[in-house]
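Engineer: This is the structure I want to talk about, given as structure tokens.
The values are calculated or read from the model by the stated rules, or taken from the named source; none is laboratory data. Owing to the predicted nature of the structure, the values given are computational and were not obtained by experimental measurement. Reconstructed Cβ throughout: ideal geometry from the backbone, glycine too, with neighbour counts over all protein chains shown. Calculation scope for accessible area: heavy atoms of the full protein, side chains included, ligands and nucleic acids excluded. Shrake-Rupley method; radii C 1.70, N 1.55, O 1.52, S 1.80 Å.
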Amino acid sequence: MTFTGAIGAACMFPLRAIINLCVALRIHPNLLTFIGVLFNVAAAVALAVGRFVTAGVIMIVANIFDFIDGKVARELHIETAFGGFWDSVMDRFSDISLFIGLIYLYAQLGRTDYVMVTALSMMFAVMTSYTRARAESIIPKCKVGFMERPERIVLFMIGAFTNRMAAVLWVIGVLSVVSVADRIFYTWRELRTVEAPQ
Amino acid sequence: VKRLLLMPAVVVWNALFWTYERATWQYDLMVITILAFVWLTPPGWLGDPTASGPGLIQWILEKIR
């Protein structure tokens, strides 16, 4: 087993208990998604005031909600197309909130360089999701590129807990640019194959 | 020889044009590389507005000096 696989398996133990509790209480998954966004906004506020460890703790709680909503929906047999759409839209709100929190913090500190780094990272993080969503409306699958939402979230937590947010922003920014490029290239290649004259 | 010479280019291409799943050894390697960058790079090199402490590389360089 790989070490990231082992970490994932270890995290599943407490999450399994939380999923079972939500299923037993029949909590609607769309509500779980929404609560996750509210926690992410709270984490953004903590980032904005420079309380990184607090932000990290709130992000963990937020992402528990984010992680379990789909699984609760499956176990309650109430998966809907709207649920998937709602989840994706709320994910974007959560993502953007965290970046805005950091933009506010760096603006307060008078660091326009890091305001720009954060803003560009935010732009490419959103574009990473958009390119895949748009690509998958014209090709069956576009799962290429490293920097997806789970990676971003874990990196944000690492940056918050270890106070290395600048390095994290550089990683998110650069790898998001590469991921967007990957998806554009992959879609172009797939469509070229499909649309090639017979 | 040609294959050996092309290997670094192939590695760079595969790292950039990422198609691997999570929980593969390639994914682990990428994660280790990222964590090394985040934790080892001295915050001063990046002009980190909030970080405290020198970071491992800076600490080693200071010890050597």
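Engineer: Provide the descending list of Cα extents for region A:135-183 along its principal axes, expressed in whole angstroms.
Structural biologist: Principal-axis extents of region A:135-183 (Cα, largest first): 41, 16, 11 Å.
Engineer: How big is the B-A contact in terms of buried accessible area, both chains counted, 1.4 Å probe, rounded to the nearest 100 Å²?
Structural biologist: Adding both sides of the contact gives about 2600 Å².
Engineer: Right, something else. What is the Cα centroid distance between region A:138-198 and region A:45-106, reported in whole angstrom?
Structural biologist: Taking the Cα centre of region A:45-106 as reference, the centre of region A:138-198 is 19 Å away.
Engineer: To continue, here is another question. Using the Kirkwood radius built from alpha carbon pairs, what does the Stokes-Einstein equation give as D for region A:1-106 at 10 °C and 1.306 mPa s, in µm² per second?
Structural biologist: Rounded, D is 109 µm²/s.
Engineer: Cut-off 10 angstrom, C-alpha nodes, Gaussian network model of chain A. Which of A:73, A:167, A:17 fluctuates the most?
Structural biologist: Its mean-square fluctuation being the largest, the pick is A:17.
Engineer: Next up: Taking only protein heavy atoms and a 1.4 Å probe, what accessible area per residue, in Å², does region A:112-172 have with all protein chains in place?
Structural biologist: On the way: 2400 Å² over 61 residues.
For region A:112-172, the solvent-accessible area averages 39 Å² per residue.
Engineer: Which value in nm describes the separation of the simple spin-label points at residue A:143 and residue B:24, placed 7 Å from the Cα toward the beta carbon?
Structural biologist: For residue A:143 paired with residue B:24, the spin-label model returns 1.1 nm.
Engineer: Pop out the carbon and sulfur fraction of the accessible area of chain B as a percent, whole number, probe 1.4 Å.
Structural biologist: 72 percent
Engineer: Right, next: Spelling out what I want: for every residue of region A:99-105, take phi, set θ = phi - 60°, compute 6.51 cos²θ - 1.76 cosθ + 1.60 (Karplus), and round to whole Hz; glycine and proline get x.
Structural biologist: These are the phi-based 3J(HN,Hα) values: 5, 5, x, 5, 4, 4, 4 Hz.
Engineer: For region B:18-35, just list the computed ³J(HN,Hα) in residue order, Karplus coefficients 6.51, -1.76 and 1.60, θ = phi - 60°, integers in Hz, with x standing in for Gly and Pro.
Structural biologist: Result, ordered by residue: 7, 10, 7, 7, 6, 6, 10, 5, 5, 5, 4, 4, 5, 4, 4, 4, 5, 5 Hz.
Engineer: Using a 7 Å offset from the Cα along the Cα-to-Cβ direction at both residue B:35 and residue A:82, what is the distance between the two label points in nm, to one decimal?
Structural biologist: So the two model labels end up 4.2 nm from each other.
Engineer: Could you work out the helix-only [θ] at 222 nm for the protein assembly as shown, with each DSSP H run of four or more residues adding -39,500 (n - 2.57) and the total divided by the number of residues, to the nearest 500 deg cm²/dmol?
Structural biologist: After summing the helix terms and dividing by residue count, I get -27000 deg cm²/dmol.
Engineer: Of all accessible surface on region A:1-122 at a 1.4 Å probe, what whole percent is carbon and sulfur?
Structural biologist: Numbers: 4720 of 6320 Å².
Carbon and sulfur atoms account for 75 percent of the accessible area of region A:1-122.
Engineer: Still on this structure, I have one more. Using a Gaussian network model on chain A with a 10 Å cutoff between Cα atoms, which of A:100, A:58, A:27 fluctuates the most?
Structural biologist: In the Gaussian network model the winner is A:27.
Engineer: Computed FRET efficiency, Cβ-Cβ of residue A:92 and residue A:61, R0 25 Å: what is it to the nearest 0.05?
Structural biologist: Once the sixth-power term is evaluated, E becomes 0.80.
Engineer: In whole Å and largest first, what semi-axes does the C-alpha gyration tensor of the protein assembly as shown yield when each eigenvalue is scaled by 5 and square-rooted?
Structural biologist: Gyration-tensor ellipsoid for the protein assembly as shown: 30, 28, 19 Å.
Engineer: Describe numerically, in nm with one decimal, the distance between label points set 7 Å from Cα along Cα→Cβ at residue B:45 and at residue B:15.
Structural biologist: Roughly 1.4 nm, to one decimal.
Engineer: Continuing with this model, one more query. Quick one: putting +1 on the C-beta of Lys and Arg, -1 on the C-beta of Asp and Glu, what dipole do you get for the protein assembly as shown around its Cα centre, in Debye to the nearest 20?
Structural biologist: That gives a dipole near 380 debye.
Engineer: Could you sort the residues of region A:161-188 by number and keep only those whose accessible area is reduced by 20 Å² or more in the all-protein-chain setting relative to the chain alone, 1.4 Å probe?
Structural biologist: The answer is A:162, A:163, A:164, A:166, A:167, A:170, A:171, A:175, A:178, A:182, A:185 - residues whose exposure falls by at least 20 Å² when every protein chain is included.
Engineer: Continuing with this model, one more query. What residue among A:128, A:112, A:54 has the largest mean-square fluctuation in a Gaussian network model of chain A, using Cα springs under 10 Å?
Structural biologist: A:112
Engineer: Send over a whole-number figure in Å² for the accessible area per residue of region A:1-77, probe 1.4 Å.
Structural biologist: On a per-residue basis, 52 Å².
Engineer: Further question on the same structure: If the cut-off is 30 Å between C-alpha atoms, which lysines fall inside it for residue A:143, apart from same-chain ones fewer than 8 positions away?
Structural biologist: Here the lysines satisfying the reach criterion relative to residue A:143 are A:71.
Engineer: Report the Rg/Rh value for chain B, based on alpha-carbon coordinates and the Kirkwood definition of Rh.
Structural biologist: A ratio of 1.14.
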